Amino acid sequence: MDGGLLKRFLGYAGRVLHVDLTRGKVTAEPLRKELAEGLLGGFGVNNKLAYDYAPAGVNPLSPESLVVFGAGPLNGTLAPGAAKIHVTAKMPLTGFYGTCGGGGGFALQLKLAGYDHVVVAGRADRPVYILIDGGDVKLLSAEDLWGEPTYEATLELWERHQGSSVVAVGPAGERLVKFSLTLVDNVATLGRGGLGAVFGSKNLKAVVARGSGEVEVADRERFMKTVNELRERIEKYPLRPLLAEYGMMAGWGAWAEMFQVPVEEAQRYFDPELFSSRVKVASVACPSCPFSCKFLFRESGVDVWAADYFTPLAAFGYAFQITDHSKILRITAAVNQYGLDMLSLSSLVNLVLELHSRGVISSDELGGLKPESNAETVLAVARLVAERRHIGEVLAEGWREVVRRFGEVAENGVATVKGLDVLYDPRRTY
Ligand code: SF4
């Protein structure tokens, strides 16, 4: 590959990496100036690259589909909170292009390795991972990692490539579950709509990036003045200590109010003192971010990384009346290890309870499970989906297939947009 492409604009690394998994070929091209100027940042350029390089009408799970990673001009600088990587792909759950953003260190490492974007095409004939190690880009065997849960695969790749950042898929993505996603550095979710399945369809277990370069800015003095001013403002932000301690949980009270959950009821699920002293092991921040909204927990001696605690508490705790933190953490770990979307899983578990109570599905179709509103049921359904067994084979196809199979009872059970369940039902929000 051409390692001599010049950096063309300050703030950008100046190169787009192309990886063809079918041919095992890696090339690079300069980032075109009109793209960088006209479509500022990772999100905009990503979509143009997908538009330019993906064939029209492509099947999201075919070799011709693309996964486009993008970092923007502020990634890799000291701009507070400029950490997110964007990924654009045609999503199997919706059949539409989607662009997702996730924290962690991937955007930083990609820029330091000398690339703004990575366009991944094709399908490897065996499981692989992509290693972007400065100017050196390789496809390496992931046969020993295939089937590994996301946390373990990431830990192993960190061990092999120390100081790197890892975007990895779990067993659900490998089995093309349409609401599977990827994790960035174990602490950030990336890819609602089935990015995990797109990885799986390409036999792609992970993308690993590590760099030692730097990102130059046009006017270092003025840039740092602005950065320092922003930092000072953030320091003085009254909610900063709360956000740094509890992450999104700082908004638990506001959420309860919005959903008309009585205060005492909301408090049953979240005790800030217990959370700080006994539940949380450490807060985790993305590079350059003064907030640390992500967490490391430990349950029965096992590390549990989490993008946030709010989502599992709302999607599993409140939804199924589970107040025991250790059970919430077991669910968080399992769902992340499989690489499933928590929100989609939560609404599907709810549907399973409804279908079973109406006699539409039997315990046999649930692998012998007698579903109840508890952690054991959530864990069992997550497993059936990730392994595509029994009812899990239908649920793994997402809401469109579930509605086709179960009709009105399923259709009325959730609000979806183009087959993807929405974060919060707007009819309850406003
Ligand atoms: S730590 Fe949280 S607030 Fe900071 S960049 Fe990451 S996701 Fe955003």
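For region 170-297, what does the alpha-carbon gyration tensor say about shape, rounded, prolate or oblate, given a ≥ b ≥ c as the root eigenvalues, a/c under 1.5 as rounded, and a/b over b/c as prolate?
Oblate.
For the chain, with a Gaussian network of springs between Cα atoms less than 10 Å apart, report the residue from LEU243, LEU108, LEU313 with the top mean-square fluctuation.
Of the options given, LEU243 has the highest mean-square fluctuation.
Can you tell me the dipole magnitude for region 5-163 around its Cα centre, using point charges on the Cβ only (Lys, Arg +1; Asp, Glu -1), in Debye to the nearest 20?
560 debye
Connecting C-alpha atoms closer than 10 Å in a GNM of the chain, tell me which of GLU264, GLU29, GLU365 has the biggest fluctuation.
GLU264
Quick one: if the Förster radius is 56 Å, what FRET efficiency do GLU214 and LYS418 give, using the C-beta to C-beta distance and rounding to 0.05?
Here the calculated transfer efficiency is 0.85.
Once the piece of chain linking ARG278 and ASP144 is laid out straight, how much longer is it, given 0.36 nm per residue of separation minus the C-alpha distance between them?
Residue separation times 0.36 nm, minus the Cα-Cα distance, leaves 44.7 nm.
Tell me, in nm to one decimal, what length is gained between GLU29 and ARG383 on full extension, where the rule is 0.36 nm per residue of separation less the Cα-Cα distance?
123.2 nm
If you take the square roots of the eigenvalues of the alpha-carbon gyration tensor of region 179-252 and sort them as a ≥ b ≥ c, do you get rounded (a/c under 1.5), prolate (a/b over b/c) or oblate?
It comes out oblate by the Cα gyration axes.
State the Kirkwood hydrodynamic radius of region 237-338 in Å, one decimal place, computed from all pairs of distinct Cα atoms. All intermediate terms of the calculation are to be shown ahead of the outcome.
Values: mean 1/r = 0.0718 Å⁻¹.
So the Kirkwood estimate lands at 13.9 Å.
Taking a probe of 1.4 Å, how large is the accessible area per residue of region 342-429, in Å²? Write out the running numbers ahead of the final one.
Details: 4280 Å² over 88 residues.
For region 342-429, the solvent-accessible area averages 49 Å² per residue.
Tell me, what is the 1.4 Å probe accessible area of THR189, in Å² to the nearest 10?
60 Å²
Within a Cβ distance under 15 Å of LEU155, other residues only, what is the Lys/Arg minus Asp/Glu net charge?
-4
Computed on alpha carbon atoms, what radius of gyration and Dmax characterise the chain, expressed in Å?
21.6, 69
Of all alpha-carbon pairs in region 15-210, indicate the percentage at a distance above 23 angstrom.
34 percent
Full-extension gain between GLU235 and THR22, please, as 0.36 nm times their residue separation minus the C-alpha to C-alpha distance.
In short, 71.8 nm is gained.
In whole percent, and with a 1.4 Å probe on the protein chains, what portion of the accessible area of region 15-210 is carbon and sulfur? Let's see the in-between values first.
Details: 3330 of 6360 Å².
Its accessible area is 52 percent carbon and sulfur atoms.
Go through CYS293, ILE361, GLY44 and say which Cα lies farthest out towards the positive end of the charge dipole of the chain; charges sit on Cβ, +1 for Lys and Arg, -1 for Asp and Glu.
Toward the positive end, the furthest listed residue is GLY44.
Which order do peptides 252-258, 162-168, 51-57 fall in by mean Cβ count within 10 Å, highest first?
By packing density, highest mean first, the sequence is 162-168, 252-258, 51-57.
Which FRET efficiency, nearest 0.05, do VAL409 and GLU376 yield, Cβ-Cβ r, R0 22 Å?
0.40
The values are calculated or read from the model by the stated rules, or taken from the named source; none is laboratory data. Computed from a predicted structure; not experimentally measured. Virtual Cβ from ideal backbone geometry, glycine too; neighbours counted across all protein chains shown. Please note that ligands, DNA and RNA were not included when accessible areas were found on the heavy atoms of the full protein model with its side chains. Shrake-Rupley method; radii C 1.70, N 1.55, O 1.52, S 1.80 Å.
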